[in-house]
1. Among the residues of region 94-137, what is the count of those that are over 14 Å from N74 (Cβ atoms), without any contact (Cβ under 8 Å) to a residue 60 or more places away in the chain and either touching a strand residue (DSSP E or B) at 6+ places or on another chain (Cβ under 9 Å) or of a type in the set (V, I, T) (or both)?
2. Please give the number of the condition F36 fails out of (1) out of contact with any helix residue (DSSP H, G or I) (no Cβ under 6 Å at 6 or more places or on another chain); (2) at pLDDT below 90; (3) crowded, with 21+ Cβ neighbours inside 10 Å.
3. Here are Q341, Q336: which of them is modelled with pLDDT under 85 and either within 15 Å of Q55 (Cβ to Cβ) or exposed (fewer than 10 other Cβ atoms within 10 Å of the Cβ) (or both)?
4. Among (1) crowded, with 24+ Cβ neighbours inside 10 Å; (2) outside any loop (DSSP other than H, G, I, E, B), there is one condition V109 misses while meeting the rest; what is its number?
5. Can you find even one residue in region 209-231 that is in contact (Cβ under 8 Å) with a residue 12 or more places away in the chain and touching a Cys at 6+ places or on another chain (Cβ under 8 Å)?
6. From L214, L187, grab the single residue that is out of contact with any Leu (no Cβ under 7 Å at 6 or more places or on another chain) and at pLDDT 95 or above.
7. For region 131-154, give me the residue count where each residue is of a type in the set (S, T, Y) and not in a helix (DSSP H, G or I).
8. If G206 satisfies all but one of (1) of a type outside the set (S, T, Y); (2) within 21 Å of S103 (Cβ to Cβ); (3) buried (at least 21 other Cβ atoms within 10 Å of the Cβ), what's the number of the condition it fails?
Amino acid sequence: MGNVKKMSFWQRLMSIRGMGQVVTGFIGLIALCVLFSILNPSFYSGRNIANLLRQIAPILIIGIGQGYVLITGNIDLSIGSVVGMSTMISATLMTRGVNPWVSMSITIVLCLLVGVLNGALVAKCKLPPFIATLGTMTVARGIAQIVNNNYNTDAIGEAAKGFRNLFYYGSIGGIYNTIWIALAIFLVFNFMLSRTRTGRYVYAAGSNIEAAKLSGVNTDMTIIIVYIVSAFCACVVGLITCATSGMGTMDAGTMYEMYAVAAAVIGGISTLGGQGILLGTVVGASIWGVLQNGLQFAGAPVAIRNIVIGTIVIVSVLLDVIIRSGRSRKKVSTSQTASMQKAG
């Protein structure tokens, strides 16, 4: 009886949409941790684990935002530039004497407007998401450059000590606040995606947008919402970046759109839409962080790290396409067989 119950639980677990990819990714994560600990025992030192988790947190946050967009079958290329925009706006305001919390609030509002614009261009104006977000990527990066007259900012100063402690240096229960922030964002948006009507609409829009419309789903608003979520996550990462460096840098967030896609796709979120769970982004971001950290410990140059991660992303997407194509052919074959039997 005990074995039956265990098997039953396992079957229920694996029946959750996207859980198979998460389990596979988790096994790969364990293998990487074992490999890097063998190559360098310092990999498991308390200090390195703490820094590794703090390194993973921002990637998890932007992976959540990108994951929302990918599930609808779209993409957000502006996410890295919004990180830079957030960093520069918040830092510039603080260096000019604006209260850090007011600066943070203004930054969040402005970044959310980018999300609204992205959603409107894709949903209302019917622009391809690649083109729409490529354009806003350039605009957001331009804003990051112009807010301080094409210069990085000075240090945000002692007045921003509370801000820096909240987003980077502070800790609760021995765990850095950055990690707590990432965990809170994951819990909120995972609940929204898995337990609310909005989450069901996100999956419906990604699975078949025309069928979703016929079912009464407001697909335009759903797409706008996912881009707002993406912009919010990018904004938070920008605030973390500002708190980390203590200043604003115009190139902040460069390549983060790649990191966001990597975290989501490695974690099993399909680029074809309609499939994946946010738990996968935790695994994907962890794999990204472990690879970066472990290869650094192994003495691999940055170029090699980028090649390895880029290759993993390509393989992950390729496997997703192959699996989805196989399922489609199987459905078509089953449908044809049923039709022939009915006709006979």
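1. 4
2. (1)
3. Answer to the check: Q341.
4. (1)
5. There is at least one residue in region 209-231 that is in contact (Cβ under 8 Å) with a residue 12 or more places away in the chain and touching a Cys at 6+ places or on another chain (Cβ under 8 Å).
6. L187
7. Residues that pass the stated criteria total 2.
8. (2)
The values are calculated or read from the model by the stated rules, or taken from the named source; none is laboratory data. Because the structure is a prediction, the values reported are computed rather than measured. So basically every Cβ, Gly included, is an ideal-geometry build from the backbone, and we count neighbours across all protein chains shown.
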